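Engineer: Right, I'll just put the structure down here and ask away after.
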(Lines give C-alpha, C1' and ligand atoms only; values in the text may rest on other atoms or scores of the structure.)
Protein backbone atom coordinates (compact mmCIF):
# COMPACT_ATOMS: atom_id res chain seq x y z
CA UNK A 1 0.00 0.00 0.00
CA UNK A 2 2.71 2.52 0.93
CA UNK A 3 4.57 1.83 -2.31
CA UNK A 4 1.40 2.53 -4.31
CA UNK A 5 0.89 5.85 -2.53
CA UNK A 6 4.48 6.86 -3.10
CA UNK A 7 4.20 6.18 -6.84
CA UNK A 8 0.81 7.81 -7.39
CA UNK A 9 1.31 10.92 -5.25
CA UNK A 10 4.92 11.52 -6.29
CA UNK A 11 5.46 12.17 -2.59
CA UNK A 12 6.73 10.42 0.52
CA UNK A 13 5.87 6.89 1.65
CA UNK A 14 2.88 6.34 3.90
CA UNK A 15 3.45 8.38 7.10
CA UNK A 16 3.80 6.37 10.30
CA UNK A 17 1.03 8.40 11.92
CA UNK A 18 -1.42 7.19 9.28
CA UNK A 19 -0.18 3.58 9.36
CA UNK A 20 -0.58 3.47 13.14
CA UNK A 21 -4.23 4.51 12.80
CA UNK A 22 -5.07 1.27 10.98
CA UNK A 23 -6.09 -0.01 7.58
CA UNK A 24 -9.09 2.32 7.32
CA UNK A 25 -6.91 5.40 7.75
CA UNK A 26 -4.34 4.01 5.32
CA UNK A 27 -6.91 3.38 2.62
CA UNK A 28 -8.59 6.74 3.15
CA UNK A 29 -5.21 8.49 2.95
CA UNK A 30 -4.45 6.63 -0.26
CA UNK A 31 -7.83 7.59 -1.75
CA UNK A 32 -7.32 11.26 -0.85
CA UNK A 33 -4.42 11.52 -3.29
CA UNK A 34 -5.84 9.30 -6.01
CA UNK A 35 -9.62 9.73 -6.14
CA UNK A 36 -9.84 13.25 -4.74
CA UNK A 37 -6.95 15.14 -6.40
CA UNK A 38 -6.73 14.77 -10.16
CA UNK A 39 -4.13 17.41 -11.04
CA UNK A 40 -0.64 15.83 -10.74
CA UNK A 41 1.03 19.11 -9.74
CA UNK A 42 -1.49 19.77 -6.97
CA UNK A 43 -1.20 16.14 -5.89
CA UNK A 44 2.59 16.36 -5.56
CA UNK A 45 2.48 19.71 -3.72
CA UNK A 46 -0.18 18.51 -1.27
CA UNK A 47 1.71 15.24 -0.69
CA UNK A 48 4.81 17.20 0.33
CA UNK A 49 2.80 19.53 2.58
CA UNK A 50 0.92 16.70 4.32
CA UNK A 51 4.10 14.67 4.81
CA UNK A 52 5.81 17.70 6.37
CA UNK A 53 2.94 18.28 8.79
CA UNK A 54 2.53 14.65 9.83
CA UNK A 55 6.28 14.32 10.37
CA UNK A 56 6.10 17.39 12.61
CA UNK A 57 3.28 15.74 14.58
CA UNK A 58 5.21 12.49 14.92
CA UNK A 59 8.19 14.36 16.37
CA UNK A 60 5.84 15.64 19.08
CA UNK A 61 4.43 12.16 19.73
CA UNK A 62 0.92 13.06 18.62
CA UNK A 63 -1.51 10.42 17.38
CA UNK A 64 -3.77 11.04 14.38
CA UNK A 65 -6.85 11.40 16.60
CA UNK A 66 -4.88 13.40 19.16
CA UNK A 67 -4.14 16.30 16.78
CA UNK A 68 -6.07 19.36 18.00
CA UNK A 69 -6.52 22.87 16.57
CA UNK A 70 -3.86 24.25 18.90
CA UNK A 71 -1.31 21.85 17.39
CA UNK A 72 -2.20 22.90 13.84
CA UNK A 73 -2.01 26.57 14.87
CA UNK A 74 1.43 25.99 16.41
CA UNK A 75 2.60 24.28 13.22
CA UNK A 76 1.37 27.19 11.08
CA UNK A 77 3.05 29.69 13.40
CA UNK A 78 6.36 27.83 13.20
CA UNK A 79 6.11 27.39 9.43
CA UNK A 80 5.83 31.15 8.92
CA UNK A 81 9.40 31.56 10.15
CA UNK A 82 10.79 29.59 7.22
CA UNK A 83 8.15 29.78 4.47
CA UNK A 84 6.47 32.59 2.55
CA UNK A 85 2.80 33.30 3.25
CA UNK A 86 1.50 31.63 0.03
CA UNK A 87 3.42 28.46 0.88
CA UNK A 88 2.08 28.43 4.45
CA UNK A 89 -1.46 28.87 3.15
CA UNK A 90 -0.96 25.95 0.75
CA UNK A 91 0.32 23.74 3.57
CA UNK A 92 -2.71 24.62 5.69
CA UNK A 93 -5.08 24.02 2.78
CA UNK A 94 -3.56 20.57 2.21
CA UNK A 95 -3.88 19.61 5.88
CA UNK A 96 -7.43 20.95 6.05
CA UNK A 97 -8.49 19.03 2.93
CA UNK A 98 -6.89 15.81 4.15
CA UNK A 99 -8.71 15.96 7.49
CA UNK A 100 -11.99 16.80 5.76
CA UNK A 101 -11.48 13.60 3.78
CA UNK A 102 -10.64 11.62 6.91
CA UNK A 103 -13.71 12.98 8.73
CA UNK A 104 -16.10 12.01 5.92
CA UNK A 105 -14.44 8.59 5.90
CA UNK A 106 -15.09 8.31 9.67
CA UNK A 107 -11.39 7.93 10.42
CA UNK A 108 -11.31 10.94 12.78
CA UNK A 109 -14.30 12.67 14.45
CA UNK A 110 -13.41 16.30 13.66
CA UNK A 111 -11.12 18.39 11.50
CA UNK A 112 -8.50 20.07 13.74
CA UNK A 113 -7.48 22.44 10.92
CA UNK A 114 -11.00 23.72 10.19
CA UNK A 115 -10.85 26.64 12.64
CA UNK A 116 -7.18 27.55 12.12
CA UNK A 117 -6.54 30.69 10.09
CA UNK A 118 -3.56 31.06 7.83
CA UNK A 119 -1.44 34.19 7.37
CA UNK A 120 -3.03 37.12 5.60
CA UNK A 121 -1.79 37.42 2.06
CA UNK A 122 -3.25 39.78 -0.50
CA UNK A 123 -1.88 39.85 -4.04
CA UNK A 124 -2.81 42.82 -6.21
CA UNK A 125 -0.15 42.40 -8.88
CA UNK A 126 1.21 39.23 -10.41
CA UNK A 127 4.94 38.46 -10.44
CA UNK A 128 5.00 36.79 -13.85
CA UNK A 129 7.41 38.63 -16.19
CA UNK A 130 5.58 40.24 -19.11
CA UNK A 131 6.83 41.14 -22.57
CA UNK A 132 5.81 44.28 -24.41
CA UNK A 133 3.91 43.72 -27.65
CA UNK A 134 7.06 44.78 -29.51
CA UNK A 135 9.25 42.26 -27.69
CA UNK A 136 6.70 39.48 -28.15
CA UNK A 137 6.71 40.18 -31.89
CA UNK A 138 10.52 40.33 -31.83
CA UNK A 139 10.64 36.87 -30.23
CA UNK A 140 8.23 35.32 -32.74
CA UNK A 141 10.06 36.87 -35.69
CA UNK A 142 13.47 35.77 -34.40
CA UNK A 143 12.62 32.06 -34.69
CA UNK A 144 14.13 30.30 -37.69
CA UNK A 145 11.16 28.66 -39.38
CA UNK A 146 13.13 26.80 -42.03
CA UNK A 147 13.14 23.82 -39.66
CA UNK A 148 10.29 21.78 -38.21
CA UNK A 149 11.49 22.67 -34.71
CA UNK A 150 11.28 26.37 -35.49
CA UNK A 151 7.79 26.02 -36.92
CA UNK A 152 6.71 24.06 -33.82
CA UNK A 153 8.18 26.56 -31.38
CA UNK A 154 6.67 29.58 -33.12
CA UNK A 155 3.24 27.91 -33.23
CA UNK A 156 3.46 26.95 -29.54
CA UNK A 157 4.41 30.43 -28.34
CA UNK A 158 1.78 32.06 -30.56
CA UNK A 159 -0.93 29.73 -29.28
CA UNK A 160 -0.13 30.68 -25.68
CA UNK A 161 0.05 34.41 -26.45
CA UNK A 162 -3.11 34.74 -28.50
CA UNK A 163 -5.35 32.40 -26.49
CA UNK A 164 -4.12 33.41 -22.98
CA UNK A 165 -3.74 29.68 -22.36
CA UNK A 166 -1.69 27.85 -19.73
CA UNK A 167 1.19 25.91 -21.18
CA UNK A 168 -0.27 22.65 -19.85
CA UNK A 169 -3.58 23.37 -21.61
CA UNK A 170 -1.77 23.91 -24.92
CA UNK A 171 0.59 20.94 -24.59
CA UNK A 172 -2.41 18.74 -23.82
CA UNK A 173 -4.01 19.53 -27.20
CA UNK A 174 -4.42 16.82 -29.80
CA UNK A 175 -4.43 17.51 -33.54
CA UNK A 176 -8.24 17.28 -33.54
CA UNK A 177 -8.38 20.09 -30.95
CA UNK A 178 -7.47 22.55 -33.69
CA UNK A 179 -10.63 22.40 -35.77
CA UNK A 180 -12.75 24.35 -38.24
CA UNK A 181 -16.11 25.72 -37.19
CA UNK A 182 -17.81 27.58 -40.02
CA UNK A 183 -15.30 29.93 -41.61
CA UNK A 184 -13.06 30.11 -38.54
CA UNK A 185 -10.64 27.75 -36.85
CA UNK A 186 -10.94 27.08 -33.13
CA UNK A 187 -8.76 25.79 -30.31
CA UNK A 188 -9.99 23.26 -27.78
CA UNK A 189 -7.78 23.73 -24.74
CA UNK A 190 -7.34 21.06 -22.07
CA UNK A 191 -7.78 22.95 -18.81
CA UNK A 192 -7.49 21.87 -15.16
CA UNK A 193 -9.85 19.24 -13.82
CA UNK A 194 -10.40 17.62 -17.21
CA UNK A 195 -12.34 20.62 -18.50
CA UNK A 196 -12.23 21.87 -22.08
CA UNK A 197 -12.18 25.53 -23.03
CA UNK A 198 -12.83 26.53 -26.64
CA UNK A 199 -11.67 29.82 -28.17
CA UNK A 200 -11.40 31.09 -31.75
CA UNK A 201 -7.88 30.96 -33.17
CA UNK A 202 -6.28 34.37 -33.78
CA UNK A 203 -5.31 34.77 -37.44
CA UNK A 204 -1.61 34.62 -36.52
CA UNK A 205 -2.13 31.45 -34.49
CA UNK A 206 -4.02 29.96 -37.41
CA UNK A 207 -1.23 30.80 -39.87
CA UNK A 208 1.51 29.44 -37.62
CA UNK A 209 -0.35 26.26 -36.72
CA UNK A 210 -1.22 25.59 -40.38
CA UNK A 211 2.43 25.98 -41.42
CA UNK A 212 3.65 23.71 -38.63
CA UNK A 213 1.02 20.98 -39.05
CA UNK A 214 1.51 20.86 -42.81
CA UNK A 215 5.31 20.64 -42.52
CA UNK A 216 5.04 18.03 -39.76
CA UNK A 217 2.60 15.93 -41.78
CA UNK A 218 0.44 15.25 -38.72
CA UNK A 219 -2.93 16.50 -39.99
CA UNK A 220 -4.20 12.92 -40.33
CA UNK A 221 -3.15 11.91 -36.83
CA UNK A 222 -6.21 13.39 -35.14
CA UNK A 223 -5.67 11.63 -31.79
CA UNK A 224 -1.95 12.46 -31.62
CA UNK A 225 -0.51 15.48 -29.80
CA UNK A 226 -0.03 18.68 -31.76
CA UNK A 227 3.19 19.71 -30.06
CA UNK A 228 5.68 16.85 -30.11
CA UNK A 229 9.19 16.08 -28.97
CA UNK A 230 12.07 15.78 -31.42
CA UNK A 231 14.09 12.62 -32.03
CA UNK A 232 17.81 13.18 -31.35
CA UNK A 233 20.11 14.25 -34.13
CA UNK A 234 17.61 13.39 -36.84
CA UNK A 235 15.49 16.37 -35.72
CA UNK A 236 12.33 14.50 -36.68
CA UNK A 237 9.16 14.59 -34.62
CA UNK A 238 8.21 11.70 -32.35
CA UNK A 239 4.63 10.64 -31.46
CA UNK A 240 5.23 11.82 -27.87
CA UNK A 241 3.86 15.12 -26.53
CA UNK A 242 6.22 17.91 -25.55
CA UNK A 243 6.52 18.24 -21.77
CA UNK A 244 6.36 21.47 -19.77
CA UNK A 245 10.04 21.39 -18.83
CA UNK A 246 10.95 20.89 -22.51
CA UNK A 247 8.78 23.89 -23.41
CA UNK A 248 10.42 25.99 -20.69
CA UNK A 249 13.90 25.09 -21.93
CA UNK A 250 12.85 26.07 -25.43
CA UNK A 251 11.41 29.41 -24.27
CA UNK A 252 14.57 30.26 -22.32
CA UNK A 253 16.72 29.37 -25.32
CA UNK A 254 14.60 31.38 -27.77
CA UNK A 255 14.49 34.39 -25.44
CA UNK A 256 18.26 34.39 -25.03
CA UNK A 257 18.77 34.17 -28.79
CA UNK A 258 16.41 37.12 -29.29
CA UNK A 259 18.23 39.23 -26.69
CA UNK A 260 15.31 39.15 -24.24
CA UNK A 261 15.42 38.70 -20.43
CA UNK A 262 16.34 35.21 -19.21
CA UNK A 263 13.59 35.29 -16.59
CA UNK A 264 10.92 34.82 -19.26
CA UNK A 265 8.92 31.64 -18.63
CA UNK A 266 5.99 29.72 -20.12
CA UNK A 267 3.50 31.77 -18.11
CA UNK A 268 4.95 34.99 -19.55
CA UNK A 269 2.91 34.53 -22.72
CA UNK A 270 -0.41 34.25 -20.87
CA UNK A 271 0.32 37.52 -19.06
CA UNK A 272 1.70 39.15 -22.23
CA UNK A 273 -1.40 38.31 -24.26
CA UNK A 274 -3.78 39.60 -21.59
CA UNK A 275 -1.82 42.84 -21.16
CA UNK A 276 -1.65 43.47 -24.92
CA UNK A 277 -5.38 42.80 -25.20
CA UNK A 278 -6.22 45.28 -22.42
CA UNK A 279 -3.87 47.91 -23.85
CA UNK A 280 -5.79 47.63 -27.12
CA UNK A 281 -9.05 48.46 -25.34
CA UNK A 282 -10.20 44.99 -24.30
CA UNK A 283 -12.11 44.55 -21.06
CA UNK A 284 -11.21 42.56 -17.95
CA UNK A 285 -14.51 40.69 -18.25
CA UNK A 286 -13.76 39.46 -21.77
CA UNK A 287 -10.13 38.74 -20.87
CA UNK A 288 -11.40 36.61 -17.98
CA UNK A 289 -13.65 34.72 -20.38
CA UNK A 290 -10.85 34.08 -22.88
CA UNK A 291 -8.40 33.03 -20.16
CA UNK A 292 -11.01 30.78 -18.48
CA UNK A 293 -10.38 32.35 -15.08
CA UNK A 294 -12.93 31.72 -12.34
CA UNK A 295 -12.64 35.28 -11.04
CA UNK A 296 -11.82 38.65 -12.66
CA UNK A 297 -9.47 39.23 -9.71
CA UNK A 298 -7.23 36.49 -11.09
CA UNK A 299 -7.26 38.08 -14.54
CA UNK A 300 -6.41 41.45 -13.03
CA UNK A 301 -3.14 39.99 -11.70
CA UNK A 302 -2.01 39.67 -15.32
CA UNK A 303 -2.93 43.24 -16.22
CA UNK A 304 0.27 45.30 -16.42
CA UNK A 305 -1.24 48.23 -18.32
CA UNK A 306 -0.82 50.51 -15.28
CA UNK A 307 2.69 49.38 -14.34
CA UNK A 308 4.56 52.22 -15.96
CA UNK A 309 4.71 55.61 -14.29
CA UNK A 310 5.14 58.29 -16.94
CA UNK A 311 7.20 61.46 -16.65
CA UNK A 312 4.01 63.46 -17.18
CA UNK A 313 2.59 62.02 -13.97
CA UNK A 314 5.76 62.84 -12.02
CA UNK A 315 5.74 66.41 -13.38
CA UNK A 316 2.30 66.91 -11.87
CA UNK A 317 4.02 67.19 -8.51
CA UNK A 318 4.27 70.97 -8.27
CA UNK A 319 6.24 72.14 -5.24
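Engineer: Would you confirm whether any residue within segment 139-150 is outside the structural domain of residue 74 (by TED's automatic domain parsing) and modelled with pLDDT under 90?
Structural biologist: No - not one qualifying residue is present in segment 139-150.
Engineer: Only one of (1) more than 25 Å from residue 224 (Cα to Cα); (2) outside any helix (DSSP H, G or I) fails for residue 165. Which number is that?
Structural biologist: (1)
Engineer: Can you spot a residue in segment 32-55 that is part of a loop (DSSP other than H, G, I, E, B), without any contact (Cβ under 8 Å) to a residue 24 or more places away in the chain, at positive phi and surrounded by fewer than 16 Cβ atoms within 10 Å (Cβ to Cβ)?
Structural biologist: Scanning segment 32-55, I find no residue that is part of a loop (DSSP other than H, G, I, E, B), without any contact (Cβ under 8 Å) to a residue 24 or more places away in the chain, at positive phi and surrounded by fewer than 16 Cβ atoms within 10 Å (Cβ to Cβ), so the answer is no.
Engineer: Might you let me know whether segment 58-68 holds any residue that is farther than 13 Å from residue 117 by Cβ, touching a helix residue (DSSP H, G or I) at 6+ places or on another chain (Cβ under 9 Å), outside any loop (DSSP other than H, G, I, E, B) and free of Cβ contacts under 8 Å to residues at least 24 places away in the same chain?
Structural biologist: Within segment 58-68 (the criterion being farther than 13 Å from residue 117 by Cβ, touching a helix residue (DSSP H, G or I) at 6+ places or on another chain (Cβ under 9 Å), outside any loop (DSSP other than H, G, I, E, B) and free of Cβ contacts under 8 Å to residues at least 24 places away in the same chain), the answer is no, since none of the residues qualifies.
This table checks each residue for (1) surrounded by fewer than 17 Cβ atoms within 10 Å (Cβ to Cβ); (2) outside the structural domain of residue 147 (by TED's automatic domain parsing); (3) at pLDDT below 90.
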| residue | (1), (2), (3) |
| --- | --- |
| 251 | no, no, no |
| 266 | no, no, yes |
| 291 | no, no, yes |
| 315 | yes, yes, yes |
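Engineer: Another one. What residue, among those in segment 191-236 that are within 20 Å of the chain's Cα centre (by Cα) and more than 27 Å from residue 141 (Cα to Cα), is surrounded by the most Cβ atoms within 10 Å (Cβ to Cβ)?
Structural biologist: 197
Engineer: Among the residues of segment 223-263, how many are part of a loop (DSSP other than H, G, I, E, B) and over 23 Å from residue 166 (Cβ atoms)?
Structural biologist: Selection size over segment 223-263: 2.
The values are calculated or read from the model by the stated rules, or taken from the named source; none is laboratory data. If you're wondering where the values come from, they're calculated on a predicted model, not measured in any experiment. Ideal geometry is used to build each Cβ from the backbone, glycine not excepted, and the neighbour counts take in all protein chains shown.
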